[in-house]
1. Give me the residue from the range B:102-156 that is surrounded by 24 or more Cβ atoms within 10 Å (Cβ to Cβ) and over 22 Å from B:VAL269 (Cα atoms) and, out of that set, nearest to the other protein chains (Cβ to nearest Cβ).
2. Filter the range B:767-784 down to the residues that are assigned to a loop (DSSP other than H, G, I, E, B) and more than 7 Å from chain A (Cβ to nearest Cβ) and list them by number.
3. What about B:GLY468, is it in contact with a helix residue (DSSP H, G or I) (Cβ under 7 Å, 6 or more places away or on another chain), crowded, with 17+ Cβ neighbours inside 10 Å and modelled with pLDDT under 95?
4. State whether the residues of the range B:720-731 include one that is polar (S, T, N, Q), more than 20 Å from B:ILE659 (Cβ to Cβ), more than 14 Å from chain A (Cβ to nearest Cβ) and outside any loop (DSSP other than H, G, I, E, B).
5. Do any residues in the range B:211-226 that are closer than 20 Å to B:GLY543 by Cβ have Cβ atoms under 7 Å from those of residues that are at pLDDT 95 or above and of a type in the set (S, T, N, Q), where the two are at least six apart or on different chains, and which pairs are they?
6. Which of the strands (runs of 3 or more DSSP E) found entirely inside the range B:421-534 contain at least 1 residues meeting this: basic (Lys, Arg) and over 30 Å from B:MET95 (Cα atoms)?
7. Quick one: which strands (runs of 3 or more DSSP E) lie wholly within the range A:88-192 and hold at least 2 residues that are over 21 Å from A:ASP34 (Cα atoms) and within 14 Å of another protein chain (Cβ to nearest Cβ)?
8. Inspect all residues belonging to the range B:740-760 and state whether any of them is surrounded by fewer than 21 Cβ atoms within 10 Å (Cβ to Cβ), assigned to a loop (DSSP other than H, G, I, E, B) and at pLDDT 95 or above.
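The values are calculated or read from the model by the stated rules, or taken from the named source; none is laboratory data. Please read these numbers as outputs of a predicted model, since none were measured by experiment. Cβ atoms come from the backbone with ideal geometry, glycine included; neighbour counts cover every protein chain shown.
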Amino acid sequence: MTDIQYVAPSTLDEAVGAYAAAKGAARILAGGTDLLVQMRAGMVKPGLIVDIKKVAELSAIEKTPEGGFRIGAAVSGAVLEEHPTFGKVWPGVLEGLNLIGSTQVQGRASAGGNLCNGSPAADSIPGLVAAGAIATVQGPNGRRNIPVEQVPTGPGKTSLAPGEILVSFTLPPRPAHSSDAYLRMIPRTEMDIAVVGCAVSLTMDGDTCTAARVSLGAVAPTVLLVEDAAKALVLTKLDDASLDKAAAACSAACNPIDDKRGTIAYRTKVAGVLLKRTTAIAAERAKGG
Amino acid sequence: MPDGTTGTGIGAAVKRVEDFRFLTGKGNYTDDINRPGQSYAYILRSPHAHAKITSIDSSAAKAAAGVLAVFTGEDMQVGSLPCGWQIHSKDGSPMLEPEHPPLAKGKVRYVGDQVAVVIADTYSQAKDAAESIVVNYEVLPAAVSMSDALTDKSLVHDDIGSNLCFDWEIGDEAAVDEAMSKAAHITKIDLVNNRLVPNAMEPRAAVGEFDAATGEYTLYTTSQNPHVIRLLMGAFVLSIPEHKLRVVAPDVGGGFGSKIYHYAEEAIVTWAAPKIGRPIKWVADRSEAFISDAHGRDQINHAELALDANGKFLALKVQTQANMGAYLSTFAPCVPTYLSATLLAGTYTTPAIHANVKAIFTNTVPVDAYRGAGRPESTYLIERIVDQAARETGIDKVEIRRRNFIPADAFPYQTPVALQYDSGDYEATLSSATKIADVAGFAARKAEAASRGKLRGMGYSTYLEACGIAPSAVVGSLGARAGLYESAEVRVHPTGSVTVFTGTHSHGQGHETTFAQLVSDRLGLPMENIEISHGDTNKVQFGMGTYGSRSLAVGGEALIRAVDKIIDKAKKIAAHVLEASADDIEFKDGNFTVAGTDRSMAFGEVALTAYVPHNFPHDELEPGLDEKAFYDPANFTYPGGCHICEVEIDPETGVTEVIKFTAVDDVGRVINPMIVEGQVHGGVAQGIGQALLEYAAYDDSGQLVTGSFMDYTMPRADNFPKFDVTTEGTLCTHNTLGVKGVGEVGAIGSPPAVINAVIDALWDRGVRDMSMPATPEKVWSALQAAE
């Protein structure tokens, strides 16, 4: 086995410096729930591991001046779960993140790692996309902000430039009577890969939906923002016709693969079914909030 | 049938004494065993389903850091891994029995086949070095499916000339055809019994050791039957005499059949240990287990059931294709034949039965017995076709079963397929299950589910199985190359404590508790004075191990017979001391008393006297109190019962939820009701796993595509409701304990109950068939197709 260097810098500049200097031979370590498994299986053999957990900004959960949340890229699902208010404002984001793995894995795994791993079936990402979360990345050329849905570019691939590290997610402030939800369809109930994942974020005014974002996972090479589905919901009372239209938009947005976990026809149909069910949960939560 | 006994005797729910060490990490599993100077083996496995090995260059591996040796099939010239059961085809010819070398010679025959072993100071060194072995393969077309294999276009074993291992039959075909010609109705069904990966919690492991001073070999291994491994490996593979070969199967974390067989890795580490002069440990990782543990089931069946106008079964005709995989695993040939086709009468009076079984070699992992072993396959077939016949004839599915049950007063009952059932009462278990499952309230529950858009269904299985394996004379006449008796030694120590040596092996079943209860009950001793020892061929007399729900019915009976010999001997000792005739000594509550007097000796006093025989009449009475018994059962035992499954299906997603599962099982006398409930519970979980979740899938090139827990869906607690498990019924008539065995009933009875429930739920929507596993995608697709 070749030697592996390990560094755990305490500042972001040091981390970016080390990561960029390794020119592609380095891998970022957050919780390690993907990286260590891939290393053990011999799928990746990094020359350098840059552990980002010692960088304060990457492990912080903060309120933004605008009233939103900024979540460090290395924050684990278990830590986010314990935050006093985050789960009340973004229950769908949290349930997506904490569908991943077992209790032990949740103590390590982060949404940042889930995004950078680039899986189309990443459970925490549809919730962030539906939330309108912005990813902050920093590289040798400085810092930039991009919508989360623009980070993955295909299975295992991201739009991050060489040397760039994901720093945090910024979630916008929430109007009253807003909430979100995430549902997924899998061969069983946990510790498996989604066949379809669906996240819906809504703002309600009485029975009327005034704002919506819809995201689907596992039905295309990347997690999708389904704007047509959101349009079908906005300014409706989430009646059957509107839900049918949104479900049809979800089915139309699907570009899945046939594999042993599900066929194209099945994933396409279930995407619509999940849209309806997720919307119902999000609306119920929004009315209650 | 728990009789509410308190204390530690028969019928008491004694907490398992072994669980403390398991639950606190104090168990002693094979991987916990580390011998001085131990090295580590890594097995290089074939990445191809079928290929010629044109060359192997292991020079770089041999030169790598820490590497002690690399061996290939050319180096390891030993005997073939043997098959323990010979089947004869219907034309009288013996089955085709290909050579099975521990390390492949010239050809690999499945993905996972052993190609080379690397032995190094550490496991990582061995694994790394294996990467530098250059194997040149000439990839050959693979016979992956049984239908492909039957064409013989690609031969798994060139030297035997065919992929058809045997073409066997049982029953009277002429009588069946005659009955079919007169039938009012014939129901036909085609079934697939899905291939399963056993996935015991503990992966297989082996440690081989050689003592140059004594010439003795020791193998520590994850086995259900260490004596059988000693016999097979010593006599057939490595030519090591048994007095120089010790096999130890310590704590073993689950077997389910997969640890019965003699595996290549056991022979490899034992054979190589003297070559490198150090002990060698091999431990499978989970991915390796998926492609090297013998798989289970994998049958295709076509069946036809003839009925008269009243719904009475007239005849059953079955054609089965059974996948053997690439080599014959130790007991593979008996699974689809004598452990399956002989059960085709089920609980019914079907007078004529004929089955034809074609066993087929394919380029896949060898297939062998897995919890239930043949009986789940026949049970699934019978209970599916009976349900189908009920729907086709319009007879209620419970009523059609009742009309055809073997009546409770008809035992012993001779079936047309060899077996003679000794006892049973199928009406009673059906009737109880019907009450517990609240069948009367089902229509209301179905309507309520429909109001939520859900489809409810209820399915039955009134099953029977044959276990307590097995009468040696019977199995010998059927091709077994072994006897299937069991042994026990009861060694009473001078202070009155007892060590029992049993030839069975516990790998989760709780023998240390159940067997101690038997002794406690019979000798009136506290549990803590009784130790159960098993799993070490240097400690325990020859025994056949544990599988086929045999431990209690065969091993427990042997133990009781040894205990009774102890009592007889102790009576003679007490008679001598008390100056009475042995015939006048009564043994009760741990005391030997001269009948009608207050003259008495406690068990401990007798034990001490046996070892301090100061005034024994040595021509009449030997010192010591140590007795042994071998017991060969007169028949199989026949547990049976009724399982009722209630499911709810979400038609939008195809997700099936098991809402309620009721099992009423007749397992004979119950020694420990808590252990019995646990056994049924685990078996039902495995059965539901087969029915709804598990499937070992190969692609066209012979790669196992469900080769990890990411892809192979093991059931988990949240897939199940709380099961209603009850035992009741009849006693086995041919062992003194009246026990039948419980290890497999759950896995045997449950799959058809689940699938019958799924079909019942989908029936009104036009779905007429469902195969295992009934995954959401499959259920959803069936609903779409039916619309």
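1. Checked the range B:102-156; the qualifying residue nearest to the other protein chains (Cβ to nearest Cβ) is B:ALA142.
2. B:VAL767, B:ARG768, B:ASP769, B:MET770, B:SER771, B:MET772, B:PRO773, B:ALA774, listed by residue number.
3. yes
4. Yes; the residues of the range B:720-731 include at least one that is polar (S, T, N, Q), more than 20 Å from B:ILE659 (Cβ to Cβ), more than 14 Å from chain A (Cβ to nearest Cβ) and outside any loop (DSSP other than H, G, I, E, B).
5. B:TYR217/B:THR270; B:LEU219/B:THR270; B:TYR220/B:THR30; B:THR221/B:THR30; B:THR222/B:THR30; B:GLN224/B:THR546; B:ASN225/B:THR546; B:PRO226/B:THR537
6. Passing ranges, in order: B:455-464, B:486-492.
7. A:178-185
8. no
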